[in-house]
Amino acid sequence: YDNMLFDLRRKFHSLVADWFDHHYSNETIQQQSRLLAAVGYHNRRAAKYGRSAQCLEMAGLRALNANHQSTAIRFLNEALDIQQVEAEIKGAGVENTSRIFGEETLGSMPT
């Protein structure tokens, strides 16, 4: 995985996120914070930031309802970070988000 080009990683995460969305019903995903967190993680790595933030926010609320405050804070903060950076990206007209999200790898850097 560490030797994969960034674009290939992004495609991999997109496939995993899509698999979750197609393999589990939306209702099942929304009821389980661990599934929500996994879908959020893979969507973020696939540059599907809106879906990622949505899943992480729901995971945080589920964790909060289950009285897991530290987990809830982590998921909600991550969702908020994604939303804030996405708003900055849209406002600045940035197209390549990999450096902003800290996802740049040597294999995908311009030469």
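To the nearest 10, the accessible area of Thr28 is 40 Å² with a 1.4 Å probe. Only protein heavy atoms count here; under a 1.4 Å probe, Leu80 has an accessible surface of about 80 Å². Of all accessible surface on the stretch 1-56 at a 1.4 Å probe, what whole percent is carbon and sulfur? For the stretch 1-56, the apolar C and S fraction of the accessible surface comes to 50 percent.
Averaging Cα coordinates gives a centre for the stretch 51-75 and one for the stretch 1-24; these two points are 22 Å apart.
Taken over the alpha carbons of the stretch 1-48 as equal point scatterers, the Debye sum produces base-10 log I(q)/I(0) values at 0.13, 0.14, 0.20, 0.31 Å⁻¹ of -0.29, -0.34, -0.61, -1.09. Sketch the reach of a paramagnetic label on Ala66 as a point 7 Å from Cα along Cα-to-Cβ, and name the residues of the stretch 1-44 whose backbone nitrogen lies under 18 Å away. Only 24-42 pass the distance filter. Remark: accessible surface ordering of Asp7, Asp18 (largest first) is Asp7, Asp18, probe radius 1.4 Å.
The values are calculated or read from the model by the stated rules, or taken from the named source; none is laboratory data. Just so it is clear, the structure is predicted and the values come from calculations on it, not from any experiment. Here the Cβ is made from the backbone with ideal geometry for all residues, glycine too, and neighbour counts use every protein chain on show. Keep in mind that these areas ignore ligands, DNA and RNA; they rest on the heavy atoms of the full protein, side chains included. Shrake-Rupley method; radii C 1.70, N 1.55, O 1.52, S 1.80 Å.
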